[in-house]
Structure formats: C-alpha cells, structure tokens
1. Would you calculate the convex hull of the Cα atoms in region 1-114 and tell me its volume per residue in Å³?
2. If you roll a 1.4 Å probe over the heavy atoms of the protein chains, what accessible area per residue do you get for the chain, in Å²?
3. Pairing the Cα long axis of helix 133-151 with the longest principal axis of the chain, what angle in degrees results, from 0 to 90 and rounded to the nearest 10?
4. Report the full-extension gain for the segment Cys585 to Ile65: residue separation times 0.36 nm, less the Cα-Cα distance, to one decimal in nm.
5. Relative to the longest principal axis of the chain, what angle (0 to 90°, nearest 10) does the C-alpha long axis of helix 599-614 take?
6. Net charge near Ala411, counting Lys/Arg +1 and Asp/Glu -1 over other residues with Cβ under 11 Å of its Cβ?
7. Tally Lys and Arg at +1 and Asp and Glu at -1 over the other residues with C-beta under 13 Å from the C-beta of Phe153: what net charge comes out?
8. Assuming 0.36 nm per residue, please report the length gained on full extension of the stretch Arg157 to Val463 beyond their Cα-Cα distance.
Amino acid sequence: MEILAVFPPLFGSFIAAFFGRTIGDRGAQLVTVAGVVVSALASLVLFNDVALHGHVHTIELFTWIKSGSFVAPWALRFDTLTVVMLIVVTFVSSCVHIYSIGYMAADPHKPRFQAYLSLFTFAMLMLVTADNFVQLFFGWEGVGLMSYLLIGFWYERPSANDAAIKAFVQNRVGDFGFALGIFACFFLFHSVDFDTVFRAAPGMAGQQLHFLGFDVNALTVCCLLLFMGAVAKSAQFGLHTWLLDAMEGPTPVSALIHAATMVTAGVFMVARLSPLFEYSPVASAVVTVFGATTAFVAASIAITQFDIKRIIAYSTMSQLGYMMFACGVSAYNAAIFHLMTHGFFKALLFLGAGSVIHAMSDEQDIRKMGGLWKLIPVTYGLLWVGSLALAGLPLFSGYFSKDAILEAAYATGSSVGMYAYWLGIVTAFLTAFYSWRLLFVAFHGKSRADHHTLEHVHESPLVMLLPCAFLAVGAVCAGALAYTWFIGDGRVGFWRDALTILPAHDTIARAHHGAVPEWAAVLPTVVAVAGIFFAFLFYMVWTGLPRFFAVGFKPVHTFLFNHWYVDSLYDWLIVQPLLVLGRMCWKTGDGTVIDGLGPEGVAAATRYFGQRASRLQSGYVFHYAFAMVIGVVLLVTWFYLAG
C-alpha cells in the first residue's frame, strides 16, 4: 500500500513522457490521472491505518548513499504528519489533473504537460515521506525543478521563461541556506537520520557553535539556516517575488503550486523539524515575525491588484504567512490544519479563476469583466464557497483553522505573539475585503468586456466543474470534520510523536483553557464580516470610493500597487550592480586583458608579422638575388668576426 501511495505518479509521468505519441493525448491524460487517483486512494487507506489506528512505521527500500561511516538509506516514513500531507497532495493533484483535461484541451503539448504535473506530484510525495535530510533535500530540489518546467511550460512566451528562471534562481538562494543547515545538523549530530537527530536535540539545547567568528547557539544556527530554505520555498517576505511571476504558467499549475505542493513544502519542513525549533526560542521568534509580516504585506498588496490570478496568488502568500507564524508560536498542528483546509479552498479558487479565464477567452483583468454571475452561475457559486472559506466565515473550513492560529498567537502572551495576532487580525480584514472586491468587480455591475468576448462567454465543461465541486465540499466540510483530530481533544492521540511541542510552549492547550478572552476569539470573525461589508460599500453601493481613496492616498496606493517596490529594490541593489560588474569582467577583464594579451593578442601579433614577412615574397627575381647577396655578405661577415 505504501508503494501505491507514492510511486504511481512517477510511472504515469514516465509513460506520458516517453510513450505520449504512441498512446495519444487522451491516453497520456488517462494514465497520469489514474496514477494520482490510485495514490489518493492508497493515501486514504494509510491515513486510516497510521493516523487513526497508530500504526506508525518506516519502510527502507534500499541503501542510497554509503561512504565510510556515512549512510543515507532511501526510506519511506509514515507517521501522522506524512499521511496528512499525502491526503492533501494527492487529492488536490487528482483534481488538478482531471481539470487539466478540459482546461488544456486546445494545447498541442498535452502529454508533456501531464507528465510534468505527475512528476511534480511525485517529487512532493518524495519530500513528505522523507526519513532523512538527504532524501528531504532530493524532494525539495525536485519540486523546484518541476516548478521551473511548469511555470515556463509555454516557453514561446518570453515572460514565462523569465518567470521560470526567476523562480529557479530565487529558490536557489534559499536552498543555499537550506543545504548549509543540513551540513550544520550533520556536523552537530553526526547523522542525517531524522530520528537520530530528534533524539539528540534536547541534549544540544544551549550548546554553543563557533560560526563566522562568533560563539552562537548551535540549534539556533541550524534552525535559521534551514528556515532560509523555507523563506524561499514558501514565499515569505523577502524571497517571495517569484510566486507572483509564477502566474505565467497555466492555471492548473498555479493551483498545484499554490495549494498543495511547492509552497507548502516550507511549512511542512518547519513542522517536521519541530524537535529542533522547539529548543531554539530565537529561531521560533524569527519564524513568527517573518510569517506575520508576510501575511500582512501580501494582503495589503492584494487590495490594489486587478489580475484575477495575481490577487489569488497574493492570498496564497498571505495564508502561508499565517501557517508560518503558527509554527513560530509552536502551534504546528494548527499550521498543518490550515495547510490542509487551505489546500482545498485555494485550489478551488484557482481552478474557479481558471474557469473564469476560460469563459472570458483568456482575459485575466477583472476591470474588463463584470456582470458574469448570470452567464457562468456555477463558477460564481463555487468562487463564493472558496471566498467564504478564505475569509474564515463560520462553518467554512478556513474559520476553524485560521481562528485557531490567531488564538494560539494571542495565547503566547509574548510581544512577538501579540505582533503576530494583531497583524493577523488586520490581514483577516484585508483578506475578506480583497476576496469580495474580486467577486463584486468581476461578477456584478455592467459588463466591461468587449462585444466579441461577451458573445463567447460560457460555462466550463463538466470535466472542469466536477473537480471544483469536490474541492468545494472540502472547503465547506474539512475544517469541521478534522477539528477534533488536528487541534481538538483528540489531537494528542492523533499526532502522537509526529510533532514535538514542549508543554511550556503548547499554545493550543492554553487557548483551550482560557488564555484567550472571548473578544480576542470573536474578533477575527468580526473583522472578516467588516471586510465583506466595506467591499460591498466600495464596489456595489458607492462605486466612486475606490477612485477617491486611490487619488486621495496616491503615495500609499502607488506603493502598494507596485508591490512595496521589492522587485525594484532588488533590481537597484543586486541586479544592476551585478550587470555592471559582469559587463566590466566581460569587456575589460575577459575581452581586453585576457583575450587581448592571450589568444587574440597572440593571433594579432602572428598576423602582423606574417603580413610583414609576406611582403618579402614579391615574385621578382632581382629581389631574391639581392636578398641572396645580402645573405652571403652577412654570412661572410659573421665568419670573419667570429674567427
């Protein structure tokens, strides 16, 4: 069963990639869909066996690396954290694969696309089942590679190529720190095996490490270096700009990257390494601040954007901030709970947006839409469900997980926890506001589409709507069904040893036992309703208000509309200086100095003297006779002087 949960997407990808022409487009689609569906069904069986019945186990397939005393086996680790991730990854991926049959119907490269999707899924499955740091790094780099291929799938577009390269390069920055973190762990613990490292972690608390000329806390160094990888992979503030450019890929790719695979890898990694982070308060505080800042920054930008996919992409970044600061306040179970619920409603929102784009002949600007709710009512209803879950309204899945995160942050009682709580509250308001801004502008009012586009607006085919309907069920029910297991009374028996939370850090327990006042628990819902109300006023009642505020607060609006100028800052601080340096090394260093004195200089000198020597070959006999006479004179003179 374990093999069926992990390897079918790999086999499906192989068949679609190498035999796509033989089996045809439909055959490639069917074999890849079958692969992920089999994995999803096997994951359900494993969830029942491992999470509900406690049969935690590890399967060693073979010894991968053996060098002296260093051994890294290829093993599949199955505990509660793993099987929860298996459920999220395989079920969302199954929906995306099925949806792609309709969305990519006109694309001439369907087998290649399906092969990439399945291989992406397999890389994520390798990551979540890893039993050691080396195998984790393999899956980590695998999802990075596949994101490059999928973002740049439409390679004939220069913007897609640029976006793919940007995602790849920015993630390499984080991966450099991640690799250093793995090296540091091996240096401290003399092992890359998770169980060995986790058992030894308490004994390393307070130990010092000489690093960059300073004596610093050893676990803090390890955790911060490892977290650097999560900053890039999970699009935390600072290394987040690749996530928005990733919208250049096909919409199913956006759904897979943003809902279930790549961006959740960082959150999963921090949760998996909770035995290390729990003994490093400094690293946990850094994680909290990064997460809270990311949540607010992304939400503040989203309220000014007009591209339907970019608005939802910023909401992904914002929700990742929630998950990350939940890990920072030791609410790892709440973070994974939100990761699971977010996987359903965010995939629903992206696939719903894809349905809108499909209906609007590839138009993505919400300013060119309007009045769509009558034309595509099913898509409209599905996006309502996703938006209600995203905003965290009661009874929807986001309500249970996001409120738990905010309550856990408040329950810390620390200044860092309060920072996260209050930024989380502001973000909850902004989230509801921009979600309903999208709905009201795109689906209500008069149509702003051109006549030709409006004539072709149509509801998506069933093969696209059914996966959305399945995700909508998850967006409604997942939170209520899983609450007891993830963060309720059954959480201890459910998680067992998959997560490590020290009793002094158990913020979820504090939140359940009166550490959070009633007003603090209710406030997230209040601000979410307020956000919807203000969006209604701005875009349905007094439609001139957005322009009034945009003009009245032009510097703020410009700052937010330009994404806090992070890309511009990178361009000024890093890109342009590196271009100048590169041009100097190229033109002056390589061209003038190395080539000038080296190959090109030698060639020029040889050519110069060759040209001079060639003039002696004039073809006149008297020239040659004269040269011979001079030669004889010189020879006689030399013999005479030498004698």
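1. Normalising the Cα hull of region 1-114 by residue number yields 113 Å³.
2. 42
3. Once rounded, one gets 80 degrees.
4. Stretched fully, the Cys585-Ile65 segment lengthens by 183.2 nm.
5. Computed tilt is about 20 degrees.
6. Residues close to Ala411 contribute a combined charge of -1.
7. 0
8. My answer for the length gained is 107.4 nm.
The values are calculated or read from the model by the stated rules, or taken from the named source; none is laboratory data. Everything numeric here is computed off the predicted structure, so don't read it as measured data. Don't worry about glycine lacking a Cβ; one is built from the backbone with ideal geometry, like all the others, and counts go over all protein chains shown. Calculation scope for accessible area: heavy atoms of the full protein, side chains included, ligands and nucleic acids excluded. Shrake-Rupley method; radii C 1.70, N 1.55, O 1.52, S 1.80 Å.
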